[in-house]
Each structure stands twice: as structure tokens, then as C-alpha cells.
Amino acid sequence: MKKTTAIFLVLILICGLTAGCGAKTDAGNTSGKATFEGKSLRIGVCLFTKNDEWLADIADQFEKQCADKGYEVNIQDGNQENEKQVQQIENFIAKKYDAIVLSAADVEGILPAIDKCQEAGIPVIAIDTPIDHAWISTCISWDNYKSGQMLGEYAVKYIQENLADKNTVNLVMLDGTGYPHLEKRDEGFLDALKDIKNLDLVARQCTNGNRELSANVINNNIAKGIDIVYGVVDNHAWGAVTALQEAKAEKCAVLSCGGFGEEPFTALENDDPYYKAIIVVPPENIVEDSIAAVEKVLAGESVEPITNIDISLADHNNVKDFIK
């Protein structure tokens, strides 16, 4: 009897030790999904704006992918306002979220809020826009110089095939001045065009993601004749398209250094007379890498300062490859 009791106690001890190994789980969690600190993850997402199809799709992907993992996610629209984003981050801190994912409207103005995250011990993952703060675990982004360079190479080919007989090729740049990561796109684009000797930069302005302001720049310069419009973000490009449509302008190629979703894909598929090419940055990949980074940081694993995803160029000839 004593022997049987001893064996039984040993079995209980082994089961208890086994249950304590591996990732922690909620008492009622029978899904086998990994959790941290005994609870499912709670992630706060603070977006630069939702008034952009790419960022709106980022929000949708966070909802979908977090639901698939059993994680709670709270997505806030910063509406391009630093003060609003600061308040949103402070709210995440007060509610003790496990991690914060941030695309910042103002990389300098947001720093005091990051300080508070550090004091609270809440990790911050940046997306799209790098933030110069030691507490940022990683930035999920892509090679911005390369994206501008790829678009510039497309522009060179377009000029050679469609504008070879012109004495002057007129370019308008709706650029990213004031945003270091966007300035890298501008730099890559212009470097790719450096050998086009008859290129004339007739206007260059940052319109802060505003379609109306972008359209105004085109309207103010359309009398000069515009052959190519470069939009550092897709709202810049679409503002230009709107102005060109209303003016019934002659042939002009609008190129976007970042686009995704129904609006740009449909325009390319239909061979729009103005909207000609985009750099495709898949929101699904941005979100997948963001969540993976959150999981690694909370598990005590190291992550690279920059996590670059793959990018592609889409035009009328290959856009179907990107439509799901």
C-alpha cells in the first residue's frame, strides 16, 4: 500500500512539473495559443491616420491577425495629429497594454510619450516611420531609398518609350520634405533620373498626405505642361490624378511611391490614363512582422533595429499578380 501511494505521489509531482514548462496559458485557455505573463496579449495600435487606403488596410490586418491569435487589439486613428497620438499612447499606458505599435505623425513630438512607455516598461514597435529613441524595439519598414529608386527606374523607361521626342520633360514632385524616411524615397527617385539631361523640375512641394493640396500644386503648374508627377505617398498621387482629370490634361504619368488596395489596383488594371505605377508594400506583411516583433520582445528575444519587408513595383502589366 505504501509503495502504491509513493508511486501515485511521484506521478502527481511529474504532472505538476510538466504543466509548468513551456509558454504560460490562461486558466480557461484550451486553445494552446502562446501567452505572456499568464494572459493573452493586449496590443495598442496608434496609426498616423486611417484616411489612407494603405493604413486602413493595416488596421484591418491587425484586427484579423490578432483575432486569429486570440490577442486583444485596440486600434486608434491619430488623424495626423501628434497631440492626439500622445493622448492615445498615455491611454494605452494607463490601461496597461502589453505592447504598443506606432506609426508616428511627428517623430520628434512623440518622444516624450515614448519616455512614458519606457517608464512603464511597455515596449514600442514602430511601423513605416523610424523613431530615434532607444526604447523603440524595432521599426517594421522597407528600404525607402530603394522604393524611390525603383520608381525612378520606371520613370526613366517611361520617358525613353513615350517622351523621347520631347525637348524638355517636365516633372512635378509631391515629395516628403520634413519626413526623413520619405526624403530617402525622394533621393532614390532623383538619383535614378540623374542621367536624363532634358528633365525640368517645374515644381516640388510636400503636401503632407493631403489630396486637395496635391491637386492645388498641379493646378498651379498645369499651364507649364506636366509630363510626370511623382507622389511620395499615394494621397499625393491621387490628388494629382484628380486635378489632371478635371483639367482634361494630355498624356501625363502619375507615379506613386507607395500604394495598395482597391483604388490603385483598379486604376492600374483599367489602364488609367494618368495613374501608371506604384510601389507595393503589402500591409499583411507589415502587420505579420509587427506582431512577431511584439511576441519576441515580450519573450525576451532580441530583434533587429530595422525589419525590412520585400517590396514590388506594379503597373498595368502585372497588377493582377497583387490582387487577391
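The values are calculated or read from the model by the stated rules, or taken from the named source; none is laboratory data. Computed from a predicted model, the values in this text were never measured in an experiment. Glycine also receives a Cβ, built like all others from the backbone with ideal geometry; neighbour counts cover every protein chain displayed. Calculation scope for accessible area: heavy atoms of the full protein, side chains included, ligands and nucleic acids excluded. Shrake-Rupley method; radii C 1.70, N 1.55, O 1.52, S 1.80 Å.
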task: Please find the FRET efficiency linking Lys116 to Ala67, where r is the Cβ-Cβ separation and R0 is fixed at 41 Å, and quote it to the nearest 0.05.
output: 0.90
message: With every protein chain kept in place and ligands, DNA and RNA left out, what is the accessible area per residue of region 70-158? Probe 1.4 Å, answer in Å².
response: 41 Å²
task: At most 14 other Cβ atoms within 10 Å and a DSSP loop assignment: could you name the GluC sites (Glu not before Pro) in region 182-258 that fit?
output: Glu250
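What ranking of His316, His133, His236 comes out by heavy-atom accessible area, probe 1.4 Å, highest first? Don't skip to the end; give the middle numbers.
Details: His316 80, His133 35, His236 0 Å².
Largest accessible area first, the residues go His316, His133, His236.
Would you mind putting 65-78, 46-59 in packing order, based on average other-beta-carbon counts within 10 Å, highest first? If you can, show how the numbers build up before the last one.
Details: 65-78: 17.5, 46-59: 20.6.
So the peptides 65-78, 46-59, ranked by packing, come out 46-59, 65-78.
If packing is taken as the average count of other Cβ atoms within 10 Å, what order do 194-200, 135-141 fall into, highest mean first? Kindly include the intermediate steps, with their values, before the conclusion.
On the way: 194-200: 12.1, 135-141: 20.7.
Ranking the peptides 194-200, 135-141 by packing returns 135-141, 194-200.
Once you have the Cα-Cα distance between Ser302 and Asn167, take 0.36 nm times their residue separation minus that, and quote the gain in nm to one decimal.
Values: separation 135, 0.36 × 135 = 48.60 nm, distance 5.45 nm.
Extra length available between Ser302 and Asn167 comes to 43.1 nm.
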- line: Square roots of five times the C-alpha gyration tensor eigenvalues of region 170-324, ordered largest first and given in whole Å, equal 31, 18, 14
task: With everything on Cα atoms, drop me the angle between helix 82-94 and the longest principal axis of the chain, reported from 0 to 90° to the nearest 10.
output: 10 degrees
query: How long, wide and thick is the chain, going by the Cα atoms along their three principal axes, in whole angstroms, largest first?
result: 102, 40, 32
query: Ignoring ligands, DNA and RNA, what percent of the accessible area of the chain is carbon or sulfur (1.4 Å)?
result: 49 percent
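Using DSSP to define loop residues, name the trypsin sites (Lys or Arg not before Pro) in region 201-289 whose beta-carbon has at most 12 other beta-carbon atoms within 10 Å.
On the way: sites: Arg204, Arg211, Lys224, Lys248, Lys251, Lys276; in loops: Lys248, Lys251.
Loop-located and lightly packed - Lys248, Lys251.
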message: So, for region 178-324, what is the accessible surface per residue at a probe of 1.4 Å, expressed in square angstrom?
response: 47 Å²
- prompt: With the contact rule set at Cα under 8 Å and sequence spacing of 6 or more, what percent relative contact order holds for the chain?
  reply: 15 percent
message: Need one value: the accessible area of Tyr145 in square angstrom, 1.4 angstrom probe, rounded to the nearest 10.
response: 70 Å²
query: Count of lysine pairs in region 197-324 with Cα atoms under 18 Å apart, counting only pairs 8 or more residues apart in sequence or on different chains?
result: 5
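Could you state, as a whole-number percent, how many of the C-alpha pairs of region 50-93 are farther apart than 14 Å?
Working: 522 of 946 pairs.
Summing the P(r) of region 50-93 above 14 Å gives 55 percent of all pairs.
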query: Any idea how far apart Lys224 and His133 come out in nm if each label point goes 7 Å out from Cα toward Cβ?
result: 3.9 nm
- line: Extension length gain for Lys96 and Leu313 (0.36 nm per residue less Cα distance), in nm, is 74.1 nm
